[in-house]
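The values are calculated or read from the model by the stated rules, or taken from the named source; none is laboratory data. Since the model is a prediction, treat every value here as computed from it, not as a measurement. Glycine also receives a Cβ, built like all others from the backbone with ideal geometry; neighbour counts cover every protein chain displayed. For accessibility, only protein heavy atoms count, side chains too; no ligands or nucleic acids. Shrake-Rupley method; radii C 1.70, N 1.55, O 1.52, S 1.80 Å.
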Amino acid sequence: MPLSLAARAAIVAVTTLAVQACGQPSAPSPAPAGAPATLDEFRGAAEQVLRETGIPGAGLALVRAGGVEWAGGVGLADRDARTPVTADTHFRVGSISKTFVAMALVQQYQDGAMDIEAPVSELAPDVSIDNRWNQSSPVTVLQLLQHTAGFDDMHFREMYNLDDAPDLPLLDVLRRSPASRRVRWRPGTRMSYSNPGYAVAAHVLEKVTGRAYEDVIEERIFQPLGMRTSSFVLRDPEVSLLAKGYDAPTGPPVPFSRIYLRPAGNLHTSPAELASFVQMLLNWGETTETLVIDPEYLSNMERPRTSIAARAGLIYGYGTGIVSRSLAGFAVLGHGGGIDGFSSVYGYSAARDAGWVVLLNGTYAPEAIDRLSSLALGYLKRDVEPPAKPELPIAPGVLAGHAGYYHPEGSRNEVFASVDWLAGGATISAEGNRLVSRGVLGGRQVLVPVSGTLFRREDDVTPSRVFTTADDGRTVFLGDGSFGVRVPRWHVEIVRTPVAAALALLATVPMALVAWLAHARRARPAGFWLLKLTLACIPAAAAALASMVLWAPAREWGQMTVWTRLTFIGSWALPLASLAALALLVHAWRLGAGRWLRGYALLVTTAGLTLSGFIAAWGLVGFRPWAY
């Protein structure tokens, strides 16, 4: 829910205007060698993962259709008190919350209480949505649940709840930042992860049922599954059940953080209780006593349906609160989650013969989740041979027709869309019966053809990428939420190259300032110190722009603090210092400044003006974090 370390790094990159490496989407985990053969071996292997990653504790469950084979824990729920993790230890599970909100709405659809493809404006007219395509393409409930409404991800003002009541009504929550619900492209075309969309979805659930979304989920899902202590609300008696969360290998636990977008990430549960939910999924929505969700409706939840990629035949990716992917050589389904100090995932085999739960109280070793998930799946399917990976010979001319440079368009978070634009992009070429994608800043990904337009990464067991034509006729490359448009590369490089050069040049100014100070007495005439100091202000302004994310905790980004004010000041100081340096350079030139100073000052001034123009083009001049 609140921004991960990776997201924070991306925002740092935006505010410092640094070109960061933007890698290809994470590859699926290959099948582990020597999967655990016994439960004791699995627990020992899990303990080894914790030792190697430094994660304090893990709540784990191994699930089969016939029951929960084992639920328990390894490691510590509280490092200071040395409290062990058990099957009943609670963890905050972040975005796993979304599966429950989505299922509750699908249940209402199943009951005939609503149409899940109805426009949101019909079911919840009190929620404002800025959609310029509303007449022909209104945002629907299903698009909210599949992240295809076109919304931005959460803005700073709707992240952490520092001042309001913990049960602030959802409509009041949504009023905090309506700008995140500005539809950026035609709804139902692109998948772009949006936490605010799930807050809107939960409000729709409340409008349809006349009850709080938490109460609906408790009655329709938690109670039938015996999830007696799972909740979207943390009540006082439940505090003792909750593990401590950590964001570093040493040091105190992170403080408990209240969030505004509760339906998107406020659930807390235990390995044992979440295992009951996974067992129900393995049994196509049934328990031994009741039907929680109809199998047909559950099947529809498991695949994307509302994007260009889905219409082009790609059934991989984000469905209705359930995600499909590949793990350890098998096709799997599930959802992950992350929130301050906690990381989590539940998953189950698409063959419906194995499921697992991994709940961690540490966020600083993201590889631990996939390692433990692979161990769990490897143990549960130790006697099952992974399926053959599909491949189809394709005519060389068809492969060559997909070649070209593809540049990302749109971003999950508009606040760092400029970073995606600068650092993104890949060149795709045909090599034998394969396509190879090479990222602008490195990275190589082999794409195996499954049809003329559908491809998979080498370790995927189902198609995970597709080439198709967008509504406007452009060729696009889609998968894992990415939207790459084929364009001539020079269209991008004519901007990217000068910006990258400007960043590199500004990094030299502190060294130049040291040299100027060392030779201050010999400078003639008069040293032109006003010019030199103004030149030094240009990278200093860029640093001020980055100050909030470098030094302020994320919970304060939506507040007016020293750091957010510095970010605002830096966004104005960069262009103003660049213009001032230009004026002083002209003056120094007329006074006979040396050619080396003139030349260097001209380069730095040009760099400052280039970056100023770039941030202005992305709307970052005058950026006020406390109002975002």
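Using Cα-Cα distances under 8 Å and only pairs 6 or more residues apart, what relative contact order does the range 159-285 have, in percent?
Computed value for the range 159-285: 36 percent relative contact order.
Using C-alpha pairs under 8 Å with a sequence gap of at least 6, the mean separation divided by the residue count of the chain gives a relative contact order of 18 percent. Simple rule: put +1 on each Lys or Arg Cβ and -1 on each Asp or Glu Cβ in the chain, find the dipole, and look at L574, A113, H90; the Cα lying farthest toward the positive end is L574. Stokes-Einstein diffusion of the chain at 37 °C, 0.692 mPa s viscosity, Kirkwood radius from Cα pairs, rounded to a whole number: 125 µm²/s. Assuming a ≥ b ≥ c are the square roots of the Cα gyration tensor eigenvalues, decide whether the range 97-207 counts as rounded (a/c under 1.5), prolate (otherwise, with a/b larger than b/c) or oblate. Oblate, because a/c is 1.5 or more while a/b does not exceed b/c.
Using the beta-carbon distance between L168 and E458 and R0 = 56 Å, what value does 1/(1 + (r/R0)^6) give for FRET efficiency, to the nearest 0.05? Numbers along the way, then the final one.
Numbers: r = 47 Å, r/R0 = 0.84.
The value I calculate is 0.75.
With 0.36 nm allotted per residue and the present C-alpha distance subtracted, the W572-A37 stretch has 186.5 nm of extension available.
In this label model, A515 and Y364 are separated by 3.9 nm, measuring between points 7 Å along each Cα→Cβ vector. Taken per residue, the accessible surface of the chain reaches 40 Å², heavy atoms only and a 1.4 Å probe. Judged by the ratio a/c of the largest to the smallest principal axis of the C-alpha gyration tensor, the range 495-628 counts as prolate, that ratio being 1.5 or greater while a/b is larger than b/c. Take the Cβ atoms of T290 and A504, set R0 to 56 Å, and the FRET efficiency comes out at 0.30. If the chain linking V621 and S429 were pulled fully straight, counting 0.36 nm for each residue of separation and taking away their Cα-Cα distance, it would gain 65.3 nm. Of the solvent-accessible surface of the chain, computed with a 1.4 Å probe and all protein chains present, 57% belongs to carbon and sulfur. In this structure L168 has an accessible area near 30 Å², from a 1.4 Å probe over the protein heavy atoms.
For R220, the solvent-accessible surface computed with a 1.4 Å probe is close to 60 Å², ligands and nucleic acids excluded. Modelled label positions at D471 and E52, each set 7 Å beyond Cα in the direction of Cβ, lie 4.7 nm from each other. The longest part of the chain holding none of the exposed loop GluC sites (Glu not before Pro), meaning those outside H, G, I, E and B in DSSP with at most 15 other Cβ atoms within 10 Å, is 118-288. Here the label points at V398 and Q223, each 7 Å from Cα along the C-beta direction, are separated by 5.4 nm in the simple model. Computing FRET efficiency as 1/(1 + (r/R0)^6) for E385 and A248, where r is the C-beta to C-beta distance and R0 is 30 Å, gives about 0.15.
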